[in-house]
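Engineer: Sending over a structure as structure tokens; questions will come in a sec.
Only the coordinates and a few stated rules stand behind these numbers; no lab work does. All figures in this text were calculated on a predicted structure; none of them were measured in a lab. Glycine also receives a Cβ, built like all others from the backbone with ideal geometry; neighbour counts cover every protein chain displayed.
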Amino acid sequence: MADNDVWILGASMTKFGRYRDKDVIDLAADASMAALTDGGATIHDMDVLGAGNLMEASSGIGQRIQKQIGQTGIPVFNVANACATGATAIRCVYLAIKAGEADLGLAVGCEQMGKAGLLGASARSDRNVYEPSGRYGAVMSVEGRLGTTLMPGVFAQAGMEYAGQHDGVGFEQFAKVAEKNHAHSTLNPLAQYQKQFSLDEVMGADMMAYPNTLLMCCPTGDGAAALVLVSEARLASLSDEQRRRAVKVSASVMTSDPWTDSDQVQPDVNTLTRAAADRAYEQSGVDPQDLDLVELHDCFATAELLHYDNLRLCAPGEAGKFIDERGPWRDGAIPVNVSGGLISKGHPLGATGVANLYEVATHLRGEAGDRQVEGATVGLTHVIGLGSACAIHVLEKAAA
Amino acid sequence: MSARIPLVDYLVLDDGAPYLVASASTASGALYFDRRNADAKSGQPGFERRRLADTGTVRTFTIVHRAAPGVPTPYVSVVVDLDGGGVVKANLVNVEPDPAHVQVGMPVRLTTYVAGTDDEGTEAVAFAYEPA
């Protein structure tokens, strides 16, 4: 099996933020070129390209990137899979290497959102004469009239369901997640925001959808991230330095949401995360308690808390206790989102599922600077695209 | 009396009290508010129409303060576990939109409200839940 393993050879991300002087192709090309350079490779070494983007998904994003960095005729997979888009691009390259069709490949995720406000909340004029339309025969938008399906509310409801089932979980525990991630981001120069807030400031910020205040919601923004993946066999032929810095992909798993009764009206982010985590731990042979760091999908503070339990980072039902005891802080039992997470590092949709692997790989290489988790040898990344898609990767440092 | 139309087609407004209907899989009993080719639970085709209960309990909630344009705030969004089966999302009305007054597990019952009136005077009737 060892010959069939896949490794990260190069990794890069742009700073997340808002770019008025660059478009999404510029950002993707910057990240791609930097990842190739980081891995000591060129576009001519690549056998496959996976390109993830959501807002311009039908625009041939991978081919547009090739026109910036090199048109070599290799197959391009353009993918869109909600917030798991970037991870899906990685999966395309990973599978091509696993299948023996490629030795080296480039995966890039990119997005340009600007300041988009509340996603999905664009004004829609109601009909002047009511006429049923769509799958539910609706005569007007049901948003806000039959509950909410906008993201802050959906994830608030996911959190409150957990709070209703478990003692010791409430507004304060959810707010502590955001307090932590804002604090962590102050050490990450690539984060969109690097500002610390007290727990009182987090809880006192404008309420979006209880219990998520503004400081508990990720921002919209722009950015890109890229990875160069390589087969174990090809890696063996590369330089000592390339092999020393290579990071092993010990598990790569994707799931979608299985049927549940409530999932029909309110996306369930737990079932598919739990299934993916179980498979990732089995595939890698890694135990959750072995993890030195985790980058998980904290699109809202409520979501992060659920995933402590879903990813088995805490005892069942004890996510509240885990944050109360500072377990996921950078000096805690299992550091979570030392990058600042989506809440403060930012969440350019298509880039997120690549950027989290960049973050973990950078720590495993011992190159994370001020935010380095000392001695990190194994880490996990997790993304959720609502609807739903989940991707989990387990990464391990190369043996000395 | 002005003409009325349901906000969505799974709300039935006839001569009696308003109620919700769903498609129930004949294979598994799983319930859906829209048309399906096969049951998402069992993969089997075959559905029958089923009237759902008017009462249930709050499975989860949020209180929305920042909403889509034109939606009055704050309002309470709930996911309700209906007695006898079915899960539905709606607004919770006739309650203070405050976490002190809304709890997971609270019993609720179906109600309706007028969500709007079109240029011909037809009222769009929405369903909601209120504390039971």
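Engineer: Direction-averaged shadow area of the convex hull around the Cα atoms of the stretch A:34-136, nm²?
Structural biologist: Values: hull surface 39.3 nm².
Across all orientations, the stretch A:34-136 yields a mean hull projection of 9.8 nm².
Engineer: Using the charge dipole of the stretch A:236-289 (Lys, Arg: +1 at Cβ; Asp, Glu: -1 at Cβ; taken about the Cα centre), state which of A:Ala236, A:Ala276, A:Gln264 has its Cα farthest towards the positive end.
Structural biologist: Farthest towards the positive pole: A:Ala236.
Engineer: Here is a follow-up. Let me spell out the model: positive unit charges on the Cβ of Lys and Arg, negative unit charges on the Cβ of Asp and Glu, origin at the Cα centre of the stretch B:20-106. What dipole size does that give, in debye rounded to 20?
Structural biologist: 320 debye
Engineer: Next up: So what are the radius of gyration and Dmax for the Cα set of the stretch A:224-356, in Å?
Structural biologist: 16.6, 53
Engineer: Which three extents, in angstrom, do the Cα atoms of the protein assembly as shown have along their principal axes, listed largest first?
Structural biologist: Principal extents (largest minus smallest coordinate, Cα): 82, 49, 48 Å.
Engineer: Another one. Place +1 on the Cβ of every Lys and Arg and -1 on the Cβ of every Asp and Glu in the stretch A:1-74, take the dipole about the Cα centre, and give the residue among A:Tyr19, A:Gln66, A:Gly39 whose Cα lies farthest towards its positive end.
Structural biologist: A:Tyr19
Engineer: Quickly work out the B:Ala100-to-B:Ala17 label distance, labels modelled 7 Å from Cα along the C-beta direction, and quote it in nm with one decimal.
Structural biologist: 3.1 nm
Engineer: Now for a different question. So which residue, out of A:Glu131, A:Glu201, A:Glu143, gets the largest mean-square fluctuation from a GNM of chain A using Cα contacts under 10 Å as springs?
Structural biologist: A:Glu131
Engineer: Which FRET efficiency value, to the nearest 0.05, do you get for B:Tyr113 and A:Leu119 by plugging their Cβ-Cβ distance into 1/(1 + (r/R0)^6) with R0 = 22 Å? All intermediate terms of the calculation are to be shown ahead of the outcome.
Structural biologist: Details: r = 27 Å, r/R0 = 1.23.
The formula returns an efficiency of 0.20 here.
Engineer: Here's something else I'd like to know. Average the reciprocal distances over every distinct pair of alpha-carbons in chain B, invert the result, and give the Kirkwood radius in Å.
Structural biologist: Working: mean 1/r = 0.0622 Å⁻¹.
About 16.1 Å, per the Kirkwood formula over Cα pairs.
Engineer: Further question: Can you give the FRET efficiency for A:Glu201 and A:Ala315, using 1/(1 + (r/R0)^6), R0 = 51 Å, r = Cβ-Cβ distance, to the nearest 0.05?
Structural biologist: Numbers: r = 30 Å, r/R0 = 0.59.
That pair, A:Glu201 with A:Ala315, gives E of 0.95.
Engineer: Can you compute the charge dipole magnitude of chain A about its Cα centre, using +1 on each Lys and Arg Cβ and -1 on each Asp and Glu Cβ, nothing else charged? Give it in debye, rounded to the nearest 20.
Structural biologist: Using Cβ point charges on Lys, Arg, Asp and Glu, chain A gives about 820 debye.
Engineer: Enter the mean number of other protein chain beta carbons within 10 Å of the beta carbon of each residue in A:254-266, as an integer.
Structural biologist: Working: counts 0, 0, 0, 1, 2, 7, 4, 9, 9, 2, 13, 11, 8.
Neighbouring Cβ atoms belonging to other protein chains average 5 per residue here.
Engineer: Pop a pseudo-label 7 angstrom from the Cα along the beta-carbon direction at both B:Glu48 and B:Glu130 and give the gap in nm to one decimal.
Structural biologist: 3.4 nm
Engineer: Quick one: angle between helix A:151-165 and the longest Cα principal axis of chain A, in degrees between 0 and 90, rounded to 10, please.
Structural biologist: Taking the Cα atoms of chain A, the angle to A:151-165 is about 80 degrees.
Engineer: What FRET efficiency would be calculated for the residue pair A:Glu374, A:Thr37, taking the C-beta separation as r and a Förster radius of 30 Å, to the nearest 0.05?
Structural biologist: The computed FRET efficiency comes out at 0.65.
Engineer: Let me ask something else about it. Return the ratio Rg/(2.2 N^0.38 Å) for the stretch A:1-90, where Rg is computed over Cα atoms only.
Structural biologist: 1.11
Engineer: Which of A:Lys115/B:Lys89; B:Lys41/B:Lys89; A:Lys248/A:Lys345; A:Lys115/A:Lys345; A:Lys15/A:Lys195 have a Cα-Cα distance over 18 Å?
Structural biologist: Working: A:Lys115/B:Lys89 29 Å; B:Lys41/B:Lys89 20 Å; A:Lys248/A:Lys345 24 Å; A:Lys115/A:Lys345 15 Å; A:Lys15/A:Lys195 15 Å.
Among A:Lys115/B:Lys89; B:Lys41/B:Lys89; A:Lys248/A:Lys345; A:Lys115/A:Lys345; A:Lys15/A:Lys195, the Cα-Cα distance tops 18 Å for A:Lys115/B:Lys89; B:Lys41/B:Lys89; A:Lys248/A:Lys345.
Engineer: Kindly express, to the nearest 10 degrees and within the range 0 to 90, the angle between helix A:24-38's C-alpha long axis and the longest C-alpha principal axis of chain A.
Structural biologist: 40 degrees
Engineer: To continue, here is another question. Of A:Ala163, A:Ala361, A:Thr148, which is farthest on the positive side of the dipole of the protein assembly as shown, counting Cα position, with +1 on Lys and Arg Cβ, -1 on Asp and Glu Cβ, and the Cα centre as origin?
Structural biologist: Selected residue: A:Ala361.
Engineer: I would also like to ask the following. For the stretch B:13-58, which semi-axes, largest first and in whole Å, follow from the square roots of 5 times the eigenvalues of its Cα gyration tensor? Don't skip to the answer; put the middle values down first.
Structural biologist: Numbers: eigenvalues 105, 30, 12 Å².
That gives 23, 12, 8 Å for the three semi-axes.
Engineer: Pick from B:Thr73, B:Thr55, B:Thr111: which residue has the top mean-square fluctuation in a GNM of chain B where Cα pairs under 10 Å get a spring?
Structural biologist: Its mean-square fluctuation being the largest, the pick is B:Thr73.
Engineer: Work out the mean other chain Cβ neighbour count within 10 Å for the residues of B:32-40 and drop it here as an integer.
Structural biologist: Working: counts 3, 5, 5, 2, 2, 0, 0, 1, 6.
What the average comes to for B:32-40 is 3.
Engineer: Still on this model: Could you size up the charge dipole of the stretch A:1-88 around its Cα centre, putting +1 on the beta carbon of Lys and Arg and -1 on that of Asp and Glu, and report it in debye to the nearest 20? Let's see the in-between values first.
Structural biologist: Numbers: 6 positive and 10 negative charges, 88 e Å.
Result for the stretch A:1-88 is approximately 420 debye, rounded to the nearest 20.
Engineer: Taking only the alpha-carbon atoms of the stretch A:108-213, what semi-axes of the equivalent ellipsoid follow from 5 times the gyration tensor eigenvalues under a square root, in whole Å, largest first?
Structural biologist: Values: eigenvalues 217, 86, 29 Å².
In descending order the semi-axes read 33, 21, 12 Å.
Engineer: Bin by bin, in steps of 5 Å, what percent of the Cα pairs in the stretch A:155-301 do you find, going until the bin that has the longest distance?
Structural biologist: Cα pair-distance distribution for the stretch A:155-301, in percent: 2, 7, 12, 14, 15, 18, 14, 8, 5, 3, 2, 0.
Engineer: What nm value, rounded to one decimal, do you get for the distance between B:Arg36 and A:Glu241 when each label is placed 7 Å out toward the C-beta?
Structural biologist: Between B:Arg36 and A:Glu241, the simple spin-label model gives 5.7 nm.
Engineer: On a 0 to 90 degree scale, rounded to 10, what angle separates helix A:271-284 from the longest Cα axis of chain A?
Structural biologist: 20 degrees
Engineer: Grab the eigenvalues of the alpha-carbon gyration tensor for the stretch A:290-400, scale each by 5, take roots, and send me the semi-axes largest first in whole angstrom.
Structural biologist: They are 20, 18, 13 Å, listed from largest to smallest.
Engineer: Comparing A:Cys390, A:Cys92, A:Cys110, which has the greatest mean-square fluctuation in the GNM of chain A with Cα pairs linked when under 10 Å apart?
Structural biologist: A:Cys92
Engineer: Still on this structure, please answer the following. Before anything else, pin down the relative contact order of chain A: Cα pairs under 8 Å, at least 6 apart, normalised by residue count, whole percent.
Structural biologist: Relative contact order for chain A comes out at 26 percent.
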